[in-house]
Amino acid sequence: MSPRAAWRLEALGYGEVYDYVAGKSDWIAAGFATEGTTAGRARITDVMDPHPATCRPDEAVAEVAARVTPSGGGVCVVVNAEQVVRGRLRLDRADPHDTRLVEAVMEPGPATVRADADPAETLERMRRRGARSLIVSTPEGVLLGVVHADASRQAP
């Protein structure tokens, strides 16, 4: 919303009015609800797993391997305390008895996609590249979920 519109709403008696400086594109990419022409458009958030396995960089790989089930695709998203994506731990490539910290064996800076990505295009790109999963995050890098290649069965 523009500063002018925010001031107008305040003048009309609305409290807690803010000027969202980052803009509409950032709002949509962060996965927030919209109205109007973009409200009904399919988004990758429609087919993602909003509760993927997560772990911290300071956890032992063995602890994570014991906790995370294979049903999550064998991937654990490495996040910090603010849920910002730091990396990806592929459990199918890790020794389940490894006592090293996740940070030592994780893949740093994994590829991510924003919440407003088109599901059909994203899943097709994943198929072409042989990717089994893709992390969905906000523009600030906060984890929203993970989309799995088999989500194509659910794509709108």
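Each value in this text was obtained by applying a stated rule to the coordinates, not by laboratory testing. Bear in mind that the values here come from a model prediction, so they are computed numbers and not experimental data. Cβ atoms come from the backbone with ideal geometry, glycine included; neighbour counts cover every protein chain shown.
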What is the extension gain from Asn80 to Ala120, computed as 0.36 nm multiplied by their sequence separation minus the C-alpha to C-alpha distance, in nm to one decimal? 11.4 nm
On each of the three principal axes the extent of the alpha-carbon atoms of segment 74-119, given in whole Å and largest first, is 38, 23, 13
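In segment 78-156, which GluC sites (Glu not before Pro) are in a loop and have at most 13 other Cβ atoms within 10 Å, using DSSP for the loop call?
On the way: sites: Glu82, Glu103, Glu121, Glu124, Glu140; in loops: Glu82, Glu140.
Sparse-neighbourhood loop GluC sites (Glu not before Pro): Glu82, Glu140.
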To the nearest 10 degrees, the tilt of helix 119-129 (Cα long axis) against the first principal axis of the alpha carbons of the chain is 30
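Under a point-charge model restricted to the Cβ atoms of Lys and Arg (+1) and Asp and Glu (-1), what is the dipole moment magnitude of the chain relative to its Cα centre, in debye to the nearest 20? Don't skip to the answer; put the middle values down first.
Details: 19 positive and 22 negative charges, 105 e Å.
It comes to approximately 500 debye.
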Given H placed on each backbone N at 1.01 Å, which residues far from Cys55 in sequence or on other chains put an amide H within less than 5 Å of it? Val77, Val78, Val79
Could you state the number of Å between the C-alpha centres of segment 49-90 and segment 121-135? 20
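Test of understanding: ordering Leu91, Leu9 by Cβ neighbours within 10 Å, fewest first, what list do you get? Kindly include the intermediate steps, with their values, before the conclusion.
Working: Leu91 20, Leu9 15.
Going from sparsest to densest Cβ surroundings: Leu9, Leu91.
Taking N as the number of residues in segment 30-87, what is its Cα Rg relative to 2.2 N^0.38 Å? Don't skip to the end; give the middle numbers.
Details: Rg = 15.3 Å, N = 58, 2.2 N^0.38 = 10.3 Å.
Ratio of Rg to 2.2 N^0.38 Å for segment 30-87: 1.49.
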I need the trypsin sites (Lys or Arg not before Pro) found in segment 77-127, filtered to DSSP loop residues with at most 15 other beta carbons within 10 Å of theirs. Arg100
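Full-extension gain between Ser25 and Glu107, please, as 0.36 nm times their residue separation minus the C-alpha to C-alpha distance. Numbers along the way, then the final one.
Working: separation 82, 0.36 × 82 = 29.52 nm, distance 2.87 nm.
Separation in residues times 0.36 nm, less the Cα-Cα distance, equals 26.6 nm.
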